[in-house]
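Report on the following structure.
The values are calculated or read from the model by the stated rules, or taken from the named source; none is laboratory data. Since we're looking at a predicted model, the values are computed, not measured. Cβ: placed from backbone, ideal geometry, glycine included. Neighbour counts: every protein chain shown.
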Amino acid sequence: MQSDARINVHATVLVVGRTGLLIQGTSGSGKSSLAARLIDSCAAKRVFSCLVADDRAWISVSAGRIVAEVPDAIAGLIETRGNGPTAVDHERRTLVDAVVNLVEPSRAPRHREPATEDILGVLLPRLDLPSGNPESCSRAVLGWLASDPESATPLRKW
């Protein structure tokens with residue numbers, strides 16, 4: 001699907017290896033903390049990762065793929081509670097391959113369940129995780145990317 005639509009979404013976007021990851025959740029759910037934890041975990045494993053956008057991102061469709069781009073005003077900044085905005089390495093845009101949805105802990109499935117997210121008419125694999133625990137969620141995301149056959153570029157293929 002090709003679309004001229006471009007929307008601004010409340011989400012954090014990063015690249016983990018070769019996978020573009022969009023993290024969504026309500027304010028205070030831990031999107032930025034999870035992104036920072038994923039970047040730190042990848043650095044420790046010598047796996048490429050990089051922030052694209054924190055808290056807001058432009059989303060569009062090109063050649064049937066979701067493209068996320070950082071708004072100019074927040075390029076290269078990540079804000080975690082208590083630290084304020086911090087400058088970090090970043091990419092301007094990425095293709096989005098998967099979605100992490102941070103939900104209220106009582107709504108999170110106990111085990112990984114197959115799910116998809118429709119973004120501008122494009123279906124992407126989605127992982128629902130409890131908000132508020134970036135350490136645990138980081139391990140779950142890395143495990144999901146390493147093992148999920150629906151993921152566009154699983155970690156096991158690096």
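I want to confirm something. Restricting to the stretch 27-45 and keeping residues that are over 16 Å from Gly143 (Cα atoms) and in a loop (DSSP other than H, G, I, E, B), which single residue is nearest to the chain's Cα centre (by Cα)?
Checked the stretch 27-45; the qualifying residue nearest to the chain's Cα centre (by Cα) is Gly30.
Filter the stretch 12-24 for residues that are surrounded by 24 or more Cβ atoms within 10 Å (Cβ to Cβ) and touching a Lys or Arg at 6+ places or on another chain (Cβ under 8 Å) and give the result.
Listed by number, the residues that qualify are Thr12, Ile23.
For the stretch 1-17, which positions are assigned to a loop (DSSP other than H, G, I, E, B) and modelled with pLDDT of 90 or more? Lay out the reasoning, then the answer.
Initial filter on the stretch 1-17 (assigned to a loop (DSSP other than H, G, I, E, B)): 1-5, 10, 17.
Passing the criteria: His10, Gly17.
Identify all residues within the stretch 106-137 that are under 16 Å from the mean Cα position of the chain (by Cα), of a type in the set (Gly, Ala, Ser) and surrounded by fewer than 19 Cβ atoms within 10 Å (Cβ to Cβ); write none if there are none.
Ala115, Gly132, Ser136
Consider Thr86 against the criteria (1) in a strand (DSSP E or B); (2) in contact (Cβ under 8 Å) with a residue 40 or more places away in the chain; (3) of a type outside the set (Asp, Glu); (4) surrounded by fewer than 22 Cβ atoms within 10 Å (Cβ to Cβ): it satisfies all of them except one. Which criterion is unmet?
(2)
Here is a check on your reading of the model: is Ala53 crowded, with 21+ Cβ neighbours inside 10 Å and in contact with a Ser or Thr (Cβ under 8 Å, 6 or more places away or on another chain)?
On the way: crowded, with 21+ Cβ neighbours inside 10 Å: yes; in contact with a Ser or Thr (Cβ under 8 Å, 6 or more places away or on another chain): yes.
Yes, satisfied.
Among the residues in the stretch 65-88, are any small (Gly, Ala, Ser), in contact with a Pro (Cβ under 7 Å, 6 or more places away or on another chain) and within 21 Å of Gly17 (Cα to Cα)?
No, there is no match, as no residue in the stretch 65-88 is small (Gly, Ala, Ser), in contact with a Pro (Cβ under 7 Å, 6 or more places away or on another chain) and within 21 Å of Gly17 (Cα to Cα).
Would you check which residues across the stretch 56-78 are touching a residue at least 40 places away in the same chain (Cβ under 8 Å), within 21 Å of Gly30 (Cβ to Cβ) and surrounded by 16 or more Cβ atoms within 10 Å (Cβ to Cβ) and list them?
Selection gives Ala57, Ile59, Ala68, Val70, Ile78.
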